[in-house]
Amino acid sequence: MQNFTFYNPTRILFGKGRIADLAKEIPANARILITYGGGSVIKTGTLDEVKTALKGFALFEFGGIEPNPTYEQLMDSVELARREKIDFLLAVGGGSVIDGTKFIAAAIGFEGLPWDILAKHAPIKQAIPFGCVLTLPATGSEMNSGAVITKKATHDKLVFSSPLVFPRFAVLDPSKTLTLPPQQVANGVVDAFVHVIEQYLTYPADAKVQDRFAEGLLLTLIEDGPKAMKEPNNEAVRANLMWTATLALNGLIGAGVPQDWATHMLGHEITALHGVDHAQTLAIVLPAMMQVRREEKHAKLLQYAERVWQLREGSEEARIDQAIERTRNFFESLNVKTRLSDYGIGKDAIPKMVSQLERHGMVALGEHRTMDIDASRRVYELAS
Ligand code: NZQ
Ligand code: ZN
């Protein structure tokens with residue numbers, strides 16, 4: 001195991017009805033900007049519930065944050081927050097709203113052009129405190145310090161992270177996820193699955209707890225993902241999925257182990273250019289990624305085959321082939337398609353995706369930093 005510092009300051013308020021506890025989490029004199037997405041929280045009543053819980057606070061609203069939140073749009077909110085002297089943010093929604101809110105929190109007091117936070121990794125010296133009410137279990141953004149923001153004008157989908165943008169708290173009420181369309185439920189399962197894989201399917205590091213935790217999360221997703229699709233009103237299943245998605249990317253299973261993240265980086269370019277949902281891009285890239293890098297990941301692929309898919313028979317190569325096939329079938333069983341062509345993206349689109357990777361400096365990816373542009377091209381080609 002490598003040396004590590006594990007830090008996570010986010011308080012979790014888990015369970016039905018926990019929105020009622022919001023007022024205790026926010027300073028009484030705060031001027032709060034509530035951020036939300038395209039309107040699902042209005043339709044489902046969650047926004048009203050939040051406002052009722054925060055009666056007496058100075059409340060402002062910024063709605064309409066799109067999936068894959070854009071710099072252009074978020075800057076409007078930054079303006080509003082500066083104008084109204086906002087000193088607390090509350091994100092109500094999925095990963096896009098929470099990521100967008102992290103960016104707003106960092107941009108409000110940023111000196112210079114806030115896009116530099118993403119494009120140049122300009123250091124963040126301060127951020128407005130914020131909390132969140134999660135409505136879509138998937139990204140883990142509710143308990144981590146990362147965010148992904150897109151500049152529409154240039155098709156740049158970039159990541160930033162800072163310990164200053166950990167949410168102060170996250171309300172995780174599984175009953176709030178019952179209104180999700182099936183496609184978003186499936187997306188969440190796939191995203192969480194791939195988050196675990198990025199931190200697990202690398203090379204052995206003698207990190208027994210991290211491995212077993214990771215395998216436990218994968219097994220839970222395999223068991224309860226399909227159940228959530230078949231029994232859309234089953235709250236117990238939603239509760240397990242919600243906590244799994246949070247633990248998949250809150251730093252715990254990634255502490256002290258090598259990490260990959262190449263699948264995400266290749267996926268981001270597909271979203272930036274073609275607007276495909278984040279989780280769908282991961283379902284496209286991962287099976288091909290495993291195939292292209294099977295030598296580098298040989299030992300962990302075998303462990304994954306045995307402990308996650310119970311594959312113990314046959315040659316090592318045959319077990320690895322089966323594990324990759326099971327992974328693909330799992331995504332497809334959730335109706336998340338696994339080929340570029342399923343989304344109307346032809347082979348002719350690959351050179352542009354590859355050149356975007358190059359432009360973004362994604363030329364030495366993976367746990368060994370050996371995944372170059374040629375390897376990325378091979379992954380896209382195999383995924384087509
Ligand atoms: O916008 P509204 O109207 O709210 O509708 C949303 C949106 O259309 C809807 N939705 C959310 N909760 C709902 C609901 N509909 C009905 N009932 C509910 N309870 O779902 C749609 C998708 O929402 P979005 O927030 O975009 O999805 P997700 O949570 O998957 O977030 C995706 C974004 O997170 C980034 C992705 O790149 C993408 O931009 N990620 C962030 C990460 C992080 N911060 O750690 C890691 C991830 O790897 C990922 O990259
Ligand atoms: Zn993801």
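Structure notes:
- Subset of the stretch 201-259 that is in contact with a Ser or Thr (Cβ under 9 Å, 6 or more places away or on another chain) and among the acidic types (Asp, Glu) - its residue that is surrounded by the most Cβ atoms within 10 Å (Cβ to Cβ): 224
- Here the condition is being assigned to a helix (DSSP H, G or I) and out of contact with any Cys (no Cβ under 8 Å at 6 or more places or on another chain); of 345, 350, it holds for 350 alone.
- A count restricted to the stretch 306-333 and to residues that are over 15 Å from residue 286 (Cα atoms) and of a type outside the set (D, E, K, R) stands at 8.
- For residue 147, the conditions (1) within 15 Å of the chain's Cα centre (by Cα); (2) assigned to a helix (DSSP H, G or I) all hold with the exception of (2).
- Some residue of the stretch 49-66 being closer than 30 Å to residue 267 by Cβ and either more than 14 Å from ligand 1 (Cβ to nearest atom) or not assigned by TED's automatic domain parsing to the domain that holds residue 134 (or both): no
- Among the residues of the stretch 10-68, the one identified as without any contact (Cβ under 8 Å) to a residue 12 or more places away in the chain and either acidic (Asp, Glu) or surrounded by 14 or more Cβ atoms within 10 Å (Cβ to Cβ) (or both) is 48.
- Taken over the stretch 143-162, the residue count meeting the criterion of being surrounded by fewer than 19 Cβ atoms within 10 Å (Cβ to Cβ) and within 7 Å of ligand 1 (Cβ to nearest atom) is 1.
- Tally of residues being in contact (Cβ under 8 Å) with a residue 12 or more places away in the chain and farther than 18 Å from residue 328 by Cα across the stretch 207-230: 6
- Qualifying residue in the stretch 25-40 (condition: over 24 Å from the mean Cα position of the chain (by Cα) and within 13 Å of ligand 1 (Cβ to nearest atom)): no
- Candidates 323, 283, 318, filtered to the one that is small (Gly, Ala, Ser) and within 13 Å of ligand 2 (Cβ to nearest atom): 283
- Once the stretch 329-338 is narrowed to residues that are touching a Pro at 6+ places or on another chain (Cβ under 9 Å) and not in a helix (DSSP H, G or I), the residue that is nearest to residue 217 (Cα to Cα) is 334.
- Residue in the stretch 163-176 that is part of a helix (DSSP H, G or I) and within 16 Å of ligand 2 (Cβ to nearest atom) present: no
- Filtered residue count, the stretch 353-362, keeping only those that are outside any loop (DSSP other than H, G, I, E, B) and surrounded by 17 or more Cβ atoms within 10 Å (Cβ to Cβ): 4
- Residues located in the stretch 110-138, provided they are more than 23 Å from residue 37 (Cα to Cα) and not aromatic (Phe, Trp, Tyr): 111, 112, 113, 116, 119, 120, 121, 122, 123, 124, 125, 126
The values are calculated or read from the model by the stated rules, or taken from the named source; none is laboratory data. No experiment lies behind these values; they were computed from the predicted model shown. Cβ atoms come from the backbone with ideal geometry, glycine included; neighbour counts cover every protein chain shown.
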